[in-house]
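Note sheet for the following structure.
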Amino acid sequence: MRTATAVTFAGFMLCVATQSFAAEPTSRPQIKNYETPGNLESKHELGCIGAEKLSNKFTPADLYKAVSVCGKQGKNKDGALLFAVAGAYGRFDTLRVGDKSAHQAVTVLKMQAFDGMTPDQQNAFKESVSKTLGNPDGLAAACKEIKRIGPPNYHPRYMIQHGLAAITKTGTEDGLVKDFNAPVAWKQSLDSYLRCPNV
């Protein structure tokens with residue numbers, strides 16, 4: 001009798017489990033990945049470049065890729081400057097791109113840059129950034145260089161195409177904030193992201 005009950009119970013549990021697993025695929029939400037043209041797009045293969053080759057035509061998508069190259073090559077001082085420029089330009093772009101969901105593009109690019117390095121390379125790079133930008137002289141030198149290069153001189157398509165508005169076709173026609181004040185935003189980017197001294 002016990003054996004028959006145990007077999008019946010086991011059969012019932014198997015039936016419930018089978019029904020649960022059979023129903024599972026239809027009850028799970030279907031996830032669709034949308035990729036819009038220009039999303040996180042890099043148009044310049046920079047390699048690990050020094051300050052003399054920097055241009056305000058390079059987007060954070062270009063610059064963070066270059067950061068990764070510098071980290072892999074152990075040229076962390078050059079990489080630290082590229083990292084600072086990419087961050088300042090990314091902050092500027094978040095101020096001028098209207099779709100807030102697009103602003104996470106900078107975080108994704110930063111993650112991709114570090115994913116391209118080994119853990120040891122990441123640690124060495126982070127230490128270099130801390131030494132370079134974490135002391136007054138190093139920060140002043142980086143800020144002076146960034147001010148010399150000037151504010152971004154490109155359309156931030158890499159970011160605009162990363163947001164929901166690019167998929168839903170909403171927002172402004174060019175994706176930018178109406179009546180955007182570039183000089184104020186540039187100062188704000190340097191002040192809030194890098195905390196640049198007045199150099």
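The values are calculated or read from the model by the stated rules, or taken from the named source; none is laboratory data. Here the structure is a predicted model, which is why all the values come from computation and not from measurement. Note that we place each Cβ from the backbone using ideal geometry, even for glycine, and neighbour counts take in every protein chain shown.
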Select, from GLY134, GLY98, the only residue that is farther than 23 Å from ALA51 by Cβ and modelled with pLDDT under 90. GLY98
Those helices (runs of 4 or more DSSP H) completely within region 52-127 that have 1 or more residues that are closer than 21 Å to ILE149 by Cβ and over 11 Å from the mean Cα position of the chain (by Cα) are 60-73, 76-96
Residue check: is LEU109 among the aliphatic types (A, V, I, L, M), under 19 Å from ARG195 (Cβ atoms) and in contact (Cβ under 8 Å) with a residue 40 or more places away in the chain? no
Within region 139-158, which residues are surrounded by fewer than 19 Cβ atoms within 10 Å (Cβ to Cβ), assigned to a helix (DSSP H, G or I) and of a type outside the set (A, V, I, L, M, F, W, C)? LYS144, GLU145, LYS147, ARG148
Single match in GLU173, GLU145, GLU127 (criterion: of a type in the set (Asp, Glu) and more than 25 Å from LYS43 (Cα to Cα)): GLU127
The one condition in (1) assigned to a helix (DSSP H, G or I); (2) surrounded by fewer than 24 Cβ atoms within 10 Å (Cβ to Cβ); (3) of a type in the set (A, V, I, L, M, F, W, C) that ILE49 fails to fulfil: (1)
I want to confirm something. Restricting to region 166-193 and keeping residues that are over 23 Å from the mean Cα position of the chain (by Cα) and assigned to a loop (DSSP other than H, G, I, E, B), which single residue is modelled with the lowest pLDDT? GLU173
Cβ-Cβ distance below 7 Å, separation of 6 or more or different chains: which pairs start in region 74-87 with a residue that is surrounded by 24 or more Cβ atoms within 10 Å (Cβ to Cβ) and end on one that is of a type in the set (Phe, Trp, Tyr) and part of a helix (DSSP H, G or I)? GLY79/PHE125; ALA86/TYR64
Mind listing just one residue for me: the one in region 141-165 that is aliphatic (A, V, I, L, M) and under 15 Å from VAL85 (Cβ atoms) and, of those, farthest from the chain's Cα centre (by Cα)? ALA141
